[in-house]
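Have a look at the structure below, then the notes.
No value in this document is a laboratory result; all are computed from the given coordinates. The structure displayed is predicted, hence computed values, not measured ones. Every residue, glycine among them, receives a Cβ derived from its backbone with ideal geometry; neighbour counts consider all protein chains shown.
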Amino acid sequence: MVREGYPASTVDEYLDAVPPEQGAALRVVRDRLLEVVPDAEQVISYQVPTIKYRGTGLVALSVAKTHCSLHLMSPPLATSLAGVVGEGKLSGATLQFDAGSPLSAETVRLIAERRMAEVDARLG
């Protein structure tokens, strides 16, 4: 899939460059992630905003023409969330959501905690 191009060197530049409604939705999700992930680092990786935890990409955010995306960066996590997460639509290892309905704090916390557990288990 070809991703919309929004060249940016910082997360805020990316969020400012995307259509306003999508930028607002991504900011909500980003802010919820920052509340949950200790010492989170915000970077642009593969041209999209990425939240890093313990030096590892935890999740990423992006926009497409018809939706926003939270990239889980973990197919096993995506599989485990099928039937558990009632928001958005899982497509591969991506949770797609409408800009008018940003992911809830509960969903963001669940995803972040499970991804952090994966990273912690791998890094020890």
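Would you look at the GNM of the chain, springs on alpha carbons closer than 10 Å, and say which of GLN42, GLN22, GLN96 moves the most?
Looking only at GLN42, GLN22, GLN96, the largest GNM fluctuation is found for GLN42.
Summing Lys, Arg as +1 and Asp, Glu as -1, what charge do residues with Cβ under 12 Å from the Cβ of ASP120 carry, ASP120 excluded?
Cβ neighbours under 12 Å give a net charge of +2.
Per-residue HN-Hα couplings for the stretch 43-55, Karplus 6.51 cos²θ - 1.76 cosθ + 1.60 at θ = phi - 60°, whole Hz, x for Gly and Pro?
9, 9, 9, 6, 6, 9, x, 10, 9, 9, 9, 6, x
LEU58's amide H: which non-local residues (gap 5+, or another chain) put their own amide H closer than 5 Å, with H modeled 1.01 Å from N in plane and none for Pro or chain starts?
Counting only residues 5 or more places away or on other chains, the set is ILE51, LYS52, TYR53.
Compute a Gaussian network model of the chain, connecting alpha carbons closer than 10 Å, and tell me which residue from VAL29, VAL84, VAL59 fluctuates the most.
VAL84
Just to confirm a number: summing +1 for Lys and Arg and -1 for Asp and Glu over residues other than ASP12 whose beta-carbon lies under 15 angstrom from that of ASP12, what do you get?
Local charge sum for ASP12: -2.
Taking the Cα centre of the stretch 11-123 as origin, work out the dipole magnitude from +1 charges on Lys and Arg Cβ and -1 charges on Asp and Glu Cβ, in debye rounded to 20.
My answer is approximately 320 debye.
Across the stretch 65-73, in residue order, what do the Karplus-derived ³J(HN,Hα) couplings come to in whole Hz, using 6.51 cos²θ - 1.76 cosθ + 1.60 with θ = phi - 60° and x for Gly and Pro?
Each residue of the stretch 65-73 in turn: 4, 10, 6, 9, 9, 10, 7, 6, 6 Hz.
Give the distance, in whole Å, between the Cα centre of the stretch 13-78 and the Cα centre of the stretch 97-116.
10
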